[in-house]
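Here's the structure, in structure tokens; my notes come after.
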Amino acid sequence: MIMAEVSQFDDIAVDSVEHIERWMDRAGLGSGPLEDMTTIGGGTQNILLRFSRSGRGYVLRRPPAHKRRNSDETMLREAKVLAALAGSDVPHPDLIAVCGDLEVIGSAFYLMEPIDGFNPSVEIPDRYLADASTQRLLGFAVLDGLLALGRVRPAEVGLADLGRPDGWLERQVSRWQRQLAGYSESAAYSPDILPWVTEVGRWLAERGPRQHRMGLIHGDFHFANVLMDRDRPELAAIVDWELTTQGDPLLDFGHLLATWPQPENAAAVLPAVALPVLPSDQDLIEVYLRRSGRVYEDIVWFRVLACFRLAIILEGTYVRGLAGQTSRKTGMEAHQRAGALLDQAMNLLGKRA
């Protein structure tokens, strides 16, 4: 997630600056020192470092200090996806270069072009706050980006080997149930503290969409992972491609609905400046149905799946907080959001008032 800029940059980045400079020398990416260096803060996972060199701006993305088992592989996959999207109508940061040599800074990383935009989960320019029609257009612009991504055919852009498309739908519920069970390896955690997760998982497993279509999905599509144009209500870029894979694009739409900023969703979304005239979730559904040809019942199933999946992902941050790998405050906030998402799922099933 890309959020606010801060003045201090991560100690790992400080220790690695000379190594980055030498690598960029070999890659022909300018010369001299890295200047105007800041981190792009927010989120709990990867590190983003903005700087300039020889008059050109860069954003470096690398795994967190406490790498996961597949962190380096994830970086390389993200870079591959960004390269594949070049020339498409999907707004995204342009890839500049990628480094898979772990000897350089201890992890894989890549460089991408900076995006001049604002994150609507952090700030809203005055012109958006003052104009109701601009707010509505902003909301539909986010939906436009999601629909554009859903039209990408992985095999046509060199991503046929991305993920495991065979059996993707059938293994969704069990895959996330196994991940939740795996958190029990931490002695301080029991999945029993996550409300409704068993009931929601059972409902998903007993039902299924009438149809599904495979395509390229972002995997974490919501307001904190987009940047908007500062001057026009247009999407500047979709960011944070960590969970990209092949799957049904309805899962991305489900994530967008599950985290859409509206009063009844307040506990499930990241803090955001109020946008009172955004389209409602029903507005989004109406447009999506008309432009995608999908059916309403399948949207509900994928929205519930999105709540279930995202709740379990967030619970992983809570477990990391218990283990001291992120702050306990961040972990507790993630746990509270996970519970709110499962509440939302139960409300969608009509089982809670």
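The values are calculated or read from the model by the stated rules, or taken from the named source; none is laboratory data. Nothing here was measured: the structure is a model prediction, and the numbers come from that model. We place every Cβ from the backbone using ideal geometry, glycine too, and count neighbours over all the protein chains shown. What goes into the accessible areas is simple: the full protein's heavy atoms, side chains included, and nothing from ligands, DNA or RNA. Shrake-Rupley method; radii C 1.70, N 1.55, O 1.52, S 1.80 Å.
Values computed for the structure shown
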| quantity | calculated |
| --- | --- |
| The chain, relative contact order [Cα under 8 Å, separation at least 6], % | 17 |
| Hydrodynamic radius by Kirkwood, which averages 1/r over all alpha carbon pairs of the chain, in angstrom | 21.1 |
| Contact order normalised by residue count of region 223-347, Cα under 8 Å, 6+ apart, percent | 23 |
| Excluding exposed DSSP-loop trypsin sites (Lys or Arg not before Pro) (at most 10 other C-beta within 10 Å), longest clean stretch of the chain | 211-353 |
| Expected 222 nm ellipticity per residue - DSSP helices of 4 or more, -39500 (n - 2.57), all of the chain, to 500 | -13500 deg cm²/dmol |
| Cα Rg, Dmax (largest Cα-Cα span) when computed across region 106-227, Å | 19.5, 51 |
| Net +/- balance of residues flanking residue 79 in space, Cβ distance below 14 Å, scoring K and R +1, D and E -1 | -4 |
| Solvent exposure of the chain as accessible area per residue, Å², 1.4 Å probe | 44 |
| Rounded to whole Hz, the Karplus (6.51, -1.76, 1.60) HN-Hα couplings of region 134-148, x for glycine and proline | 5, 4, 5, 5, 4, x, 6, 5, 4, 5, 4, x, 5, 5, 4 |
| Per-residue SASA entry for residue 275, accessible area with 1.4 Å probe, Å² rounded to 10 | 20 |
| Leading residue at positive end of dipole, region 34-106 (Cβ point charges), from 54, 105, 87 | 105 |
| Cleavage-rule hits (GluC sites (Glu not before Pro)) in region 33-117: DSSP loop, at most 12 neighbouring Cβ within 10 angstrom | 103 |
| Cα gyration tensor shape for region 111-162, rounded if a/c is under 1.5, else prolate or oblate | oblate |
| Solvent-accessible area, 1.4 Å probe, carbon plus sulfur percent, for the chain | 49 |
| Residue of 308, 140, 253 that the Gaussian network model of the chain assigns the largest fluctuation, springs spanning Cα pairs under 10 Å | 140 |
| Which of 226, 157 is most accessible, then next, and so on - probe 1.4 Å | 157, 226 |
| Residue (of 134, 196, 163) at the positive-pole extreme of region 63-208, dipole from beta-carbon charges | 196 |
| Residues with amide H under 5 Å from that of residue 96, placed H, sequence gap 5 or more | 111, 112, 113 |
| Unit charges on C-beta of K, R, D, E only; dipole of the chain, Debye | 960 |
| Magnitude of the charge dipole, region 115-254, Cβ model with Lys/Arg +1 and Asp/Glu -1, debye to 20 | 540 |
| Rounded to the nearest 10 Å², the accessible area of residue 231 at probe 1.4 Å | 100 |
